[in-house]
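A.B. asks: Encoded as structure tokens, here's the structure I'll be asking about.
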Amino acid sequence: MIGDTPMQTGRNFSPAPRSKQHASPAPDLPAAFHPALKMRPGLLPWASRLVLAVVVLALAGNPLAALAQSNANLPDLGTPAGTLANLDDEAQIGQMIVREARQQNLLIDDPESAEYLESLGLKLSSQAPDSDRQFHYLLFNESDINAEATLGAVIFCDYGTILAADSESELAGVLAHETAHITQRHMVRGALKAEHASLATAAALLGAVLLGAMGAGPEAIEGGVLAAEGMGAQMQINFTRDQEEEADRVGITYLARAGFDPMGLPDFFQKMVQLYGYSETQTPRMLVNHPVFPDRIADARARAEQLERQEPPRHFTDSVSFGLIKERLRVLPAADDFDLRTYYDKRMQAPDPPLSIRYGQALALYQRGHPAEAVTLLKPLVAQHQGVILLYSLLGQAQVAAGQAKDGLATFARAETLFPRNVPLTVRYAEALIKTGDPRQAHALLLDLFNNEEPTPGQIRLTALAASAAGDAGDAYYYMGEYNISLGDLRMATQQLELALASPHLTFVQRKRFQARLEEIRTVLADDRRENGKNPQNSGGY
């Protein structure tokens, strides 16, 4: 894998990434776009302790539920929702939650799947009244069926939810429901009802958790877990029935306005109930966290029918990407002992198997070490479906892996011309260029891409690897510094930028850019020490 390629500058770079996940600020964006450099401890003093409690709860049980529910259970710090936590405060909490999820490797590291989920979610959030707010839809590495909204307009979706959806409208319905929880500010509104929660007890609990997280030892962490579990029984504020119904109504409106079948949400819930019943034992976490009370489906259907009557009859079809991404998420997390070849051989016996199954078969062959067979399957598919980016990317990867480097790079070059600055495609092209010995072009491609699109921490690191392999030590250290900023590790970022400035053959522009960034980080660290009397905790972006 490209991400494992050693840096070739002769210097020691930062350790291997703690996470292989996605989304973070762009290397060349102004500091205002780097949440790690925007954080100030005085803005929301309880936020970092809250997130540390979330981490401990995540270790104690289901990670997604812990991350989401802990943020639904904010301490009562005021009366109106706006004074409890304004949108900027919520965004910072969301950033910290996402960072912790990445550091625990809870997110799926797949640019194609991540881009699909984000683009689908943004179609829905663009229908909201506050559509200028920045929403984030992230894919959880969990086969369960669930999705959760949390503070900061962040929505986590288990990949099992995508596999369980029989149509794109069903999946969009789930995301629309969670989007409505955010736009209606249900987390904050729920916290306002916790009038009897003891802040003193909460502070003691969170303080213990903080000590454990700062290295006080496993006993402190274990004690924090036990305390968190006990506290959760007293302080937990799940969405109320009224809030669930409101999220259904509002979400179905977003669903219809975005061009999806408004019946998608009630259909998905109906299917879950038919498969698993109303029992909370051995059921998807979605039915536990989002209980489907008897009249809820009927109410949702009535709302969908009302919206349907307001529009002319429409025929809803799934996007090509929906089927392909479903198969990616079937293949990529599959256990090594699962016989993917046999699985897809059986699926291919159906009359006229769809493109998604053919793609899944080719992906399975590529993933399991048979790239030449994958190339044979993919070539006619690309010829027949020339507008499908995922086919080009997989064909190029398979050709390079099969030793057909010239053909693979030609496939990527053609696709890059057809679909310029597509993030997954360009990342795969850059990986292929590095693998085949042209890191300089890979570096140039990535810089062009990420000056226009927001990269993930892993993609920033890939940019550093490309720079290193191209012999540009200064840029390599600089982007490793940006990578550490995206993870919230400002002290490591400082070290990387100091190495960047010590690199030979820097241009005048590079030296000025590196020095300005280093001074900026040092200012933040000094402010944090002055306000907290200690080194800051990590704080990163999406």
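A.B. asks: Just wondering, is there one or more residues in segment 429-442 that are within 28 Å of residue 320 (Cα to Cα), outside any helix (DSSP H, G or I) and among the polar types (S, T, N, Q)? Can you show your working first?
C.D. replies: Step one: filter segment 429-442 for residues within 28 Å of residue 320 (Cα to Cα), giving 429-433.
This time we only want the ones that are outside any helix (DSSP H, G or I), so: none.
No, segment 429-442 contains no residue that is within 28 Å of residue 320 (Cα to Cα), outside any helix (DSSP H, G or I) and among the polar types (S, T, N, Q).
A.B. asks: Which members of segment 277-313 meet the condition of being among the small types (Gly, Ala, Ser) and modelled with pLDDT of 65 or more? Show your work before the answer.
C.D. replies: Pass one, segment 277-313, residues among the small types (Gly, Ala, Ser): 277, 279, 298, 300, 302, 304.
Correct list: 277, 298, 300, 302, 304.
Here is a yes/no grid of residues against (1) at pLDDT below 95; (2) over 20 Å from residue 376 (Cβ atoms):
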residue	(1), (2)
323	no, yes
332	no, yes
340	no, no
343	no, no
348	no, no
352	yes, no
355	no, no
358	no, no
362	no, no
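A.B. asks: Okay, next question. So which residues in segment 412-427 are under 25 Å from the mean Cα position of the chain (by Cα) and among the basic types (Lys, Arg)?
C.D. replies: The answer is 421, and nothing else.
A.B. asks: Show me the helices (runs of 4 or more DSSP H) found entirely inside segment 99-187 where at least 2 residues are touching a residue at least 12 places away in the same chain (Cβ under 8 Å) and farther than 25 Å from residue 316 by Cα. Steps first, please.
C.D. replies: Working: elements: 111-125, 159-164, 168-183.
The helices (runs of 4 or more DSSP H) meeting that bar are 168-183.
A.B. asks: Quick one: count up the residues across segment 85-106 that are under 16 Å from residue 458 (Cα atoms) and surrounded by fewer than 24 Cβ atoms within 10 Å (Cβ to Cβ).
C.D. replies: In the first step, residues of segment 85-106 are kept if they are under 16 Å from residue 458 (Cα atoms); the result is 98-106.
Subsequent filtering for residues that are surrounded by fewer than 24 Cβ atoms within 10 Å (Cβ to Cβ) retains 100, 103-106.
Result for segment 85-106: 5.
A.B. asks: Would you mind listing the helices (runs of 4 or more DSSP H) fully within segment 448-505 where at least 3 residues are outside the structural domain of residue 97 (by TED's automatic domain parsing) and within 21 Å of the chain's Cα centre (by Cα)? Even if it seems obvious, please write down each step before you answer.
C.D. replies: Numbers: elements: 457-469, 473-487, 490-502.
So the answer is 457-469, 473-487.
The values are calculated or read from the model by the stated rules, or taken from the named source; none is laboratory data. Everything numeric in this text was worked out from a predicted model, so none of it was measured. Here Cβ is always computed from backbone atoms with ideal geometry, including for glycine, and neighbour counts include all displayed protein chains.
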